[in-house]
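The values are calculated or read from the model by the stated rules, or taken from the named source; none is laboratory data. This one's a predicted model, so the numbers in the text were calculated from it and none came from an experiment. Here the Cβ positions follow ideal geometry from the backbone for every residue, glycine too, while neighbour counts run over all protein chains shown.
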Amino acid sequence: MPSTDIMEFKTFADIQGHFQIALDLLLKKENFSHGVWPYKLYQSEASCQYEKLGKRCAQPHQKGYVVSCTDGSVVLIGNCCAHKYLSLDDESVRAGFKQLDANRRQSIRRRRVESLLKKRQSYIEQGKALHLQHRDMQARIAELYNTFPRQIWQKLIDRWKTNRLEVVWEYQITKTGTENGRKVVEKSWYPSSYGKLTGLGAWLEWDHQTYAGRISDYRKQLELIPAKDQLTNAEIDHAEATLNNVAAITSLERELGALSKMMSDFVEPSNLVRAVQLTSNQSVRAETVIAVHRLTGDTLAMTPERFVVDIDVALKRKHDATGLRIQQ
Ligand SMILES: [Zn+2]
């Protein structure tokens with residue numbers, strides 16, 4: 001049965017395109033079920049299937065109705081017979097159709113919801129696993145956040161947001177010479193890269209994310225769907241709205257997975273140590289050295305200040321430089 005309620009049939013072929021009309025069947029008061037849809041054709045090309053005085057009326061007509069028999073087959077009846085014997089009129093037929101259509105849609109929704117609810121337990125488990133994954137990430141992020149100096153955390157956020165991932169320090173080369181008998185000093189700066197920061201992402205601003213609320217909301221709504229066979233229409237509405245979030249929750253799951261992967265990249269020791277080079281403030285750098293060692297579990301065999309000085313000395317020595325600065 002077509003679902004649109006603005007069907008317009010102009011030819012007999014139009015009707016046949018929408019309904020499988022049982023052309024040989026005779027319609028009587030006894031086998032009449034309900035009107036399906038009115039039509040008004042350009043020409044009198046429909047034949048009335050109502051049985052009058054023991055035979056088919058067969059009146060060719062333009063205006064009439066598609067009606068349903070008690071056995072589910074559909075036939076045509078002309079306007080006159082329909083009005084006279086079945087008291088059909090356009091308005092009641094249309095209203096009846098809309099109601100049938102609404103019932104049909106509702107039963108399709110119900111079947112879909114009921115079939116989805118068979119997987120209810122797996123949705124509940126997915127929600128629970130997601131909750132645990134979220135909690136685990138939260139703990140990992142908290143550890144990073146509490147270990148790094150505040151300034152460094154902010155630098156990481158800035159680097160992520162402005163997509164400036166390469167950590168570059170500049171070294172200064174001083175050349176001296178004579179020009180026209182006068183001593184000339186020429187100072188130039190050159191870049192030296194410590195590589196690109198990897199794994200920066202939305203996990204740096206965990207507090208701004210709404211994951212926790214979305215996950216717990218979803219889990220609560222799932223629990224609210226009654227675990228019984230015959231849900232009421234209102235319960236179907238609620239269950240459908242909740243189950244419509246399965247896709248969103250699955251994409252949230254992927255999002256968390258991606259963030260978790262980013263964090264794993266970030267805590268690679270070779271990447272973590274780049275954090276020491278995000279500022280020229282020596283005491284913050286020294287604090288960052290301690291943080292990095294705490295996070296990697298490596299023992300710091302010297303003072304953190306010494307660690308920082310060694311980085312600088314190595315760069316200076318490599319280029320025979322007279323100065324160093326971080327590239328802003
Ligand atoms: Zn008739």
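Would you pick out the residues in region 55-104 that are under 20 Å from Gly17 (Cα atoms) and of a type in the set (Ser, Thr, Tyr)?
Of everything in region 55-104, those that are under 20 Å from Gly17 (Cα atoms) and of a type in the set (Ser, Thr, Tyr) turn out to be Tyr65, Ser68, Ser73.
Check region 22-30 and report whether any residue there is surrounded by 12 or more Cβ atoms within 10 Å (Cβ to Cβ), away from the ligand (no atom under 15 Å from the Cβ) and either closer than 20 Å to Met7 by Cβ or small (Gly, Ala, Ser) (or both).
Yes, that holds for at least one residue.
Taking the condition of being loosely packed, with under 14 Cβ neighbours inside 10 Å, more than 28 Å from Ala139 (Cβ to Cβ) and in contact (Cβ under 8 Å) with a residue 60 or more places away in the chain, how many residues in region 207-228 meet it?
Number of matching residues: 1.
Give the residue that is farthest from Arg164 (Cα to Cα), with candidates limited to residues of region 270-292 that are in contact with a Ser or Thr (Cβ under 7 Å, 6 or more places away or on another chain) and crowded, with 19+ Cβ neighbours inside 10 Å. It would help to see each step written out before you state the result.
Applying the first criterion (in contact with a Ser or Thr (Cβ under 7 Å, 6 or more places away or on another chain)) to region 270-292 yields 271-272, 275-276, 285, 291.
Then keep just the ones that are crowded, with 19+ Cβ neighbours inside 10 Å; that gives 272, 275-276, 285, 291.
Working: Leu272: 16, Ala275: 13, Val276: 16, Arg285: 19, Ala291: 22 Å.
Across region 270-292, the extreme among qualifying residues is Ala291.
Under 6 Å by Cβ, and 6 or more places apart or on different chains, what pairs join a residue from region 182-197 that is within 18 Å of Asn271 (Cβ to Cβ) and in the same structural domain as Ile157 (by TED's automatic domain parsing) with one that is of a type in the set (Val, Ile, Thr) and surrounded by 11 or more Cβ atoms within 10 Å (Cβ to Cβ)?
Ser193/Val168; Tyr194/Val167
Failed condition for Met7, given (1) within 16 Å of the ligand (Cβ to nearest atom); (2) closer than 27 Å to Asn103 by Cα; (3) not in a strand (DSSP E or B), with all others met?
It fails just one condition, (1).
Of Asp237, Asp320, Asp298, which residue is among the acidic types (Asp, Glu) and within 27 Å of Ile173 (Cβ to Cβ)?
Working: Asp237 fails: within 27 Å of Ile173 (Cβ to Cβ); Asp298 fails: within 27 Å of Ile173 (Cβ to Cβ).
Unique residue meeting the criteria: Asp320.
Across region 51-70, which residue is surrounded by the most Cβ atoms within 10 Å (Cβ to Cβ) among those that are part of a loop (DSSP other than H, G, I, E, B) and in contact (Cβ under 8 Å) with a residue 24 or more places away in the chain? Please lay out each step first, then the result.
Of region 51-70, the ones part of a loop (DSSP other than H, G, I, E, B) are 53-54, 57-59, 62, 70.
Next, from what is left, pick out any that are in contact (Cβ under 8 Å) with a residue 24 or more places away in the chain: 57, 70.
Working: Cys57: 19, Thr70: 10.
Looking at the filtered set, the residue picked out is Cys57.
Kindly indicate the residue of region 61-104 that is within 11 Å of the ligand (Cβ to nearest atom) and more than 19 Å from Leu25 (Cα to Cα) and also farthest from the chain's Cα centre (by Cα) among those meeting that condition.
Lys84
So which of Leu278, Leu204, Leu231, Leu256 is under 26 Å from Val113 (Cβ atoms), touching a residue at least 24 places away in the same chain (Cβ under 8 Å) and aliphatic (A, V, I, L, M)? Give the steps one after another, and end with the answer.
Numbers: Leu278 fails: under 26 Å from Val113 (Cβ atoms); Leu204 fails: under 26 Å from Val113 (Cβ atoms); Leu256 fails: under 26 Å from Val113 (Cβ atoms).
The match here is Leu231.
Pull up region 37-53, narrow it to residues that are out of contact with any strand residue (DSSP E or B) (no Cβ under 8 Å at 6 or more places or on another chain) and within 14 Å of the ligand (Cβ to nearest atom), then point me to the one that is farthest from Ala82 (Cα to Cα). So that I can check it myself, show each step before the final result.
Restricting attention to region 37-53, the residues satisfying the condition of being out of contact with any strand residue (DSSP E or B) (no Cβ under 8 Å at 6 or more places or on another chain) are 42-43, 52-53.
Subsequent filtering for residues that are within 14 Å of the ligand (Cβ to nearest atom) retains 52-53.
On the way: Lys52: 12, Leu53: 15 Å.
Looking at residues that are out of contact with any strand residue (DSSP E or B) (no Cβ under 8 Å at 6 or more places or on another chain) and within 14 Å of the ligand (Cβ to nearest atom), I get Leu53.
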